[in-house]
1. Calculate one ³J(HN,Hα) per residue across region 30-35 by plugging θ = phi - 60° into the Karplus curve 6.51 cos²θ - 1.76 cosθ + 1.60, and present them in order as whole Hz with x for glycine and proline.
2. Under the rule of at least 5 residues apart or a separate chain, name every residue whose amide H is placed under 5 Å from the amide H of LEU125.
3. How far, in nm, would the chain grow between GLU134 and GLU48 when pulled straight, counting 0.36 nm per residue and subtracting the alpha carbon separation?
4. Whose amide H sits under 5 Å from the amide H of ALA40, counting only residues 5 or more places off or on another chain, with H placed in the peptide plane?
5. With +1 assigned to the C-beta of every Lys and Arg and -1 to the C-beta of every Asp and Glu, and no other charges, what is the dipole magnitude of region 90-137 about the Cα centre in debye, to the nearest 20?
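Read the figures in this text as sums done on the coordinates, not as results from a lab. Computed from a predicted structure; not experimentally measured. Here the Cβ positions follow ideal geometry from the backbone for every residue, glycine too, while neighbour counts run over all protein chains shown.
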Amino acid sequence: MTQEEVSRIKSEIRTLQEKLDKEHPKWSLAQLCEKKPYTAIRTRENGEPYFSGMRTDEWNAMRAMAKCLFLEDRRIDNKYGCVTRNPKKVRDMTPEQQRVAARFLDEVVEIFNRYFVENNKDIILNGEPYEVTEVEE
């Protein structure tokens, strides 16, 4: 193979990769979601506590559930039943699947946050009982 052929093939690969990236963006589900799970109570500069969220183990568990919404292989084998494999990575999901997963996650996070707030609103702040009512913006 000549150097010119190698250069031409590399150029074709780059073009195809760009096309693939447009059709299947490398988004993370976190970028597509509007909400994130509360995982802590933090304090603002003025000392006011608030519920705060970050993407941690709770987020990873929810993201794993979202991937389970889609079967990668829908063939049914009469001998073994349904072969079910879920997409391993967000990149393996179609853009439509990513949008559906993000909507699902926003709903799950909303439910999770409601229960998190209900069960963690009473804290001790500077030795005194305090009810947290603010959330992260």
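1. 4, 5, 8, 8, 8, 10
2. Amide H neighbours of LEU125, under 5 Å, 5+ apart: TYR130.
3. Working: separation 86, 0.36 × 86 = 30.96 nm, distance 0.84 nm.
Stretched out fully, the GLU134 to GLU48 stretch lengthens by 30.1 nm.
4. Here the answer is SER52, since their amide H atoms fall under 5 Å of that of ALA40.
5. On the way: 5 positive and 12 negative charges, 63 e Å.
Once rounded to the nearest 20, the dipole reads 300 debye.
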